[in-house]
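Contents: one structure, followed by commentary.
The values are calculated or read from the model by the stated rules, or taken from the named source; none is laboratory data. Worth saying up front: this structure is predicted, and the values here are computed from it rather than measured. Virtual Cβ from ideal backbone geometry, glycine too; neighbours counted across all protein chains shown. Surface areas here come from the heavy atoms of the whole protein model, side chains and all, with no ligands, DNA or RNA. Shrake-Rupley method; radii C 1.70, N 1.55, O 1.52, S 1.80 Å.
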Amino acid sequence: MPSTLATFNTPEMAMPDQPLFELDRLTIAFDGTTVVDRLSLKVGRGETMALVGESGSGKSVSALGALGLLPANVRVQGVRQLDGQDLAELTPRDWQRIRGSRVGFIFQEPMTSLNPLHNIGKQIGEVLRLHQGLTGQAARQRCRELLDRVRLPRADELLDTWPHQLSGGQRQRVMIAMAIANNPRLLIADEPTTALDVTVQKEILSLLAELRDEQGMGMLFITHDLNLVRHHAEQVCVMHQGRVEETGRVHEVFSSPRSDYTRDLLDAEPSGRPAPVKDHRALMQASGLSVSFQRPKRLFQRRPAPFDALHPLDLQVSPGETLGIVGESGSGKSTLAQALLRLVPSKGAVDFDGTRLDRLNRRDMRHQRRRFQVVFQDPFGSLSPRMPVADIISEGLRFHHPELGPSAVAQRVAATLQEVGLPEGCAARYPHEFSGGQRQRIAVARAIIMEPDLVILDEPTSALDRTVQAQLVNLLRELQSRRGISYLFISHDLAVVRAMAHRILVLKDGRVVEHGDCQDVLADPAMAYTRELVEAAGLSPARE
């Protein structure tokens, strides 16, 4: 039987008025449960269609189902067309040729999409080898060009690094480089700016717009950030619980929404301020804290000088206080958190409630860990795929409190799930069964079940839509007010930082640029770099 790809329409063969990509009554069901119900949308050549909605509304599942990326036992019905070709007719071999060449896909969670056993150069080079036949120096040169296009500095050096050595934003840009490597006709971007700071968001979306205009590429832009949709899409489709609420031109939908749900999305933004700090003593204090990493050594070359990821800095967090840490991707935000938790080698003093953490051995440090917890940036990468949610959330509790019986543990898990807005029935399910935002809430539940004194939150709201962000911010503030928990809140979303933080510390290239009262710094920044961040974020006036 001849391959259907042989008759796949080229841009010249497609009808002029025919959409590049079309879904008509797309329906997706898992084990008889419908998760996407009759979704219809069109993406034109050189056009960006935004698919928006709350976490779990079916946005990502729709894209995966349209491209045949769901398991074989999932039922997918409806019309799926690319350049007029029925995608349901394609063979597995045809799909292999299309994905990565005609269709590029930027996945939501780069750490789980990148191979931890291959360096960045090899992973981008594999895409070029499969679809263009490029190898050796030609492939490496093209890889450098792609990294330059997505605004990643030190391209030569990054080609030899591993995914775990990059920040979340850097990994996301590597994913974008891989997606655009073969100049696709259609780009499906699933939360492409989730892990990026506001200035890089602007650069990346401008880059994607340039590529779209240059190549006549169509883009399906899946996001929960309506501010980005407002500035970077022509059409929008709003989804809620697997169904389309409304669709149309962005300016029309946003100015005159017909659906109550769309109005709720447009009105949702984290607001208010945290409760005042009552106790100003130091719970955690760092002095002269710095981190350096050894650069990889190439054959027959001298060992290069270490890379200073974090230059010496001082900070203090009081009981019941939130210290916001902001800065561009790669500025040292996550490295700072890891150094405070003694997860990476560092220099300088770290004092936690009178105990010098930098002087503790492994056993004593393990005993201290019950008092502080961390929520990592990538929830899926930090959750064991082999454990049900109940075991994931209760693992630390069972380790540090062996005196608790199964019944007591189950009760604590149920109460914590309710606190973070997840149903009790999800305790027996596994991480892959949840959306990105739901997995983030599982990670938050795992942290707060220990009732810690300090929680380090590394981009905890990056995968959440605005309505859930506001709910999570309110929850974290309530927990802080009730229990006196301290937060080290790392984020590139300045609207969320403004609603959460008492004080703010701005990092750039591993150095402190500015620090002070959060409201004062964001309202009237003293440094040019901070002003650039605030302007790129497009912060609206603060609401109480």
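Details
- Checklist (1) on the phi > 0 side of the Ramachandran plot; (2) modelled with pLDDT under 85 applied to residue 203, failing item: (1)
- Residue match in the range 92-111 (condition: over 28 Å from the mean Cα position of the chain (by Cα), open to solvent by less than 20 Å² (accessible area, probe 1.4 Å) and modelled with pLDDT under 90): yes
- When 187, 146 are screened for being out of contact with any Gly (no Cβ under 9 Å at 6 or more places or on another chain) and either among the aliphatic types (A, V, I, L, M) or open to solvent by 40 Å² or more (accessible area, probe 1.4 Å) (or both), only 146 passes.
- Residue in the range 305-325 that is among the charged types (D, E, K, R), surrounded by fewer than 20 Cβ atoms within 10 Å (Cβ to Cβ), assigned to a strand (DSSP E or B) and free of Cβ contacts under 8 Å to residues at least 60 places away in the same chain present: yes
- Comparison of 493, 458, 517 shows that the only residue that is touching a residue at least 12 places away in the same chain (Cβ under 8 Å) and touching a His at 6+ places or on another chain (Cβ under 8 Å) is 517.
- Qualifying residue in the range 465-475 (condition: open to solvent by less than 10 Å² (accessible area, probe 1.4 Å) and modelled with pLDDT of 90 or more): no
- Test: residue in the range 371-384 that is free of Cβ contacts under 8 Å to residues at least 24 places away in the same chain and either more than 17 Å from residue 444 (Cα to Cα) or open to solvent by less than 40 Å² (accessible area, probe 1.4 Å) (or both): no
- Residues in the range 326-370 that are in contact (Cβ under 8 Å) with a residue 24 or more places away in the chain, part of a helix (DSSP H, G or I) and open to solvent by less than 30 Å² (accessible area, probe 1.4 Å): 333, 335, 336, 337, 339, 340.
- Index of the failed condition, residue 526 passing every other in (1) open to solvent by 30 Å² or more (accessible area, probe 1.4 Å); (2) in a helix (DSSP H, G or I); (3) of a type in the set (A, V, I, L, M, F, W, C): (2)
- Taken together, the residues in the range 372-416 that are in a helix (DSSP H, G or I) and over 22 Å from the mean Cα position of the chain (by Cα) amount to 20.
- Within the option set 36, 79, 52, being of a type in the set (A, V, I, L, M), surrounded by fewer than 16 Cβ atoms within 10 Å (Cβ to Cβ) and assigned to a strand (DSSP E or B) holds for one residue only, 79.
- Scan of the range 220-255 for residues that are at pLDDT 90 or above, open to solvent by 10 Å² or more (accessible area, probe 1.4 Å) and touching a Leu at 6+ places or on another chain (Cβ under 7 Å), ordered by number: 244, 247, 254
- Unmet requirement for residue 261, which otherwise passes all of (1) more than 25 Å from residue 509 (Cα to Cα); (2) touching a Leu at 6+ places or on another chain (Cβ under 8 Å); (3) assigned to a helix (DSSP H, G or I): (2)
- For the range 149-191, the set of residues classified as within 26 Å of residue 225 (Cα to Cα) and charged (D, E, K, R) consists of 149, 151, 171, 173, 185, 190, 191, listed by residue number.
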